[in-house]
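Shown next, in structure tokens, is the structure this report addresses.
The values are calculated or read from the model by the stated rules, or taken from the named source; none is laboratory data. Small disclaimer: the values here were computed from a predicted structure and weren't measured. Note that we place each Cβ from the backbone using ideal geometry, even for glycine, and neighbour counts take in every protein chain shown. Only protein heavy atoms, including side chains, enter the accessible area calculation; ligands, DNA and RNA are left aside. Shrake-Rupley method; radii C 1.70, N 1.55, O 1.52, S 1.80 Å.
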Amino acid sequence: MAAGLAAQTMYELGILLFLSFIVGEIFERVGIESIIGYIVTGLIMGPSVLGMIEAEAVKGFATIGASLVLFQAGLREENAVKIFRHRQGLQLGIGVLLGAFAFIFGMLMLFGETFLPYSDLTAFVYLALGYAIVDIGVPSKIMLSKGMMREPTGKYAIKSSVINVTVGLLAVTGLVILNSSAETMLLKIAGIFGFAAGFYVLHEFIHRLDDYIMMFEEAEAQFAITFSLLLGLSYATEIIGLSTVLGAFFAGIIVSRSDFSDSRAFQEKIQAIGLGLFIPIFFAWFGLGLHLDSIIANFGAAAFLFGLSTVSKISIGYVMSRLHGMDKPMTVAASLLSLDIETLVVLLIGIDMGIFGNEILQIFAPSVLLSTATIVILYAVLERM
């Protein structure tokens, strides 16, 4: 029986990965980002259309894919302190978070009951905060594919996004702590401080560990140690109430300070296992969870929340980027529009706390598809200008 289940999983992963690359390549050739192709593949193969693969069957692989996107972004940042000392990125990240939250919350108070099945103040607070947080994964993947990560625009966008996500998820953690019992509250606070202390030690002393790691002359051994660190920090951030993808980003920052991370063999392995395997599965997995009937039924609510998030983020992002003298202010603003894992984390916390029912996931799903398509289209248009 176990062998049968394993064989079924291998079959489903193989089919999903193969078709994702075929459809993604077709999309690339007609000028559409391959990410959309991966999502469409999952939608077609999932319960909504052909019903060949269940999302739960590949969820674990998809989680690794999401983490690898952020890990590769973190590899391009050699000092975590510099991210939060980056004055312009700090202003943009927090400015978008606060500005978008205020705008979305105000509009929800005025019109929320008209479009959404909620009228509770707490629900509006969590929705506004969730949709004010930006996504790092999709823009990072697009910037990686277009070679923008080392450009000033890419660095500025990623730094501001990391600050936005970190502060936003810490705010959510604060809300959860305030609604926890005294004992749980102390445990969560201790967990956050413990993670911060562990990250600081690894970040500052990775060079001293380099000599021991370099003793493993095989690149495969170095890669295995790196992957263990990635998974370990991802697990740690999940446990303390943040997000696995944030832990993966911080793991990338730590590894970037090591000597072996600059080797060609190491870089090629990371690229191959990420872009060649887990990242396509992640986006296909999201497509598997979409249902056409639910998308249609909740399209009005999804479009309403997506519109509020897009209008606020693109306006604040563009204005602040212009004030900071960025060469491509609209590209920066476009990179802040995507909605994905980070917002989902907030909504799942809301479900766990009884603020939302599972219907919020069906409302959220179309918003992700809309925001992903929007950012891809904007990038394509801006490239041609």
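Some observations on this one:
- Any hit, the range 305-312, residues being under 18 Å from the mean Cα position of the chain (by Cα), more than 23 Å from PHE21 (Cα to Cα) and of a type in the set (S, T, N, Q): yes
- Verdict on VAL69 being modelled with pLDDT under 75, hydrophobic (A, V, I, L, M, F, W, C), surrounded by fewer than 17 Cβ atoms within 10 Å (Cβ to Cβ) and within 29 Å of LEU233 (Cα to Cα): no
- Lone qualifier among THR166, THR114, THR173, THR153 - being modelled with pLDDT under 75, assigned to a helix (DSSP H, G or I) and either over 18 Å from ILE351 (Cα atoms) or open to solvent by 60 Å² or more (accessible area, probe 1.4 Å) (or both): THR153
- Of the residues making up the range 46-73, those that are in contact with a Ser or Thr (Cβ under 9 Å, 6 or more places away or on another chain), over 15 Å from ILE341 (Cα atoms) and either without any contact (Cβ under 8 Å) to a residue 40 or more places away in the chain or assigned to a helix (DSSP H, G or I) (or both) are ALA57, VAL58, GLN72, ALA73.
- Meets criteria (of a type outside the set (Gly, Ala, Ser) and either open to solvent by 40 Å² or more (accessible area, probe 1.4 Å) or in a helix (DSSP H, G or I) (or both)) for LEU336: no
- Test result for PHE299, within 24 Å of ILE36 (Cβ to Cβ) and surrounded by fewer than 18 Cβ atoms within 10 Å (Cβ to Cβ): yes
- Looking only at the range 303-325, residues that are surrounded by 21 or more Cβ atoms within 10 Å (Cβ to Cβ) and either among the aromatic types (Phe, Trp, Tyr) or at pLDDT below 85 (or both) come to 1 in all.
- Filter pass, ASP340 being within 21 Å of SER48 (Cβ to Cβ) and among the acidic types (Asp, Glu): yes
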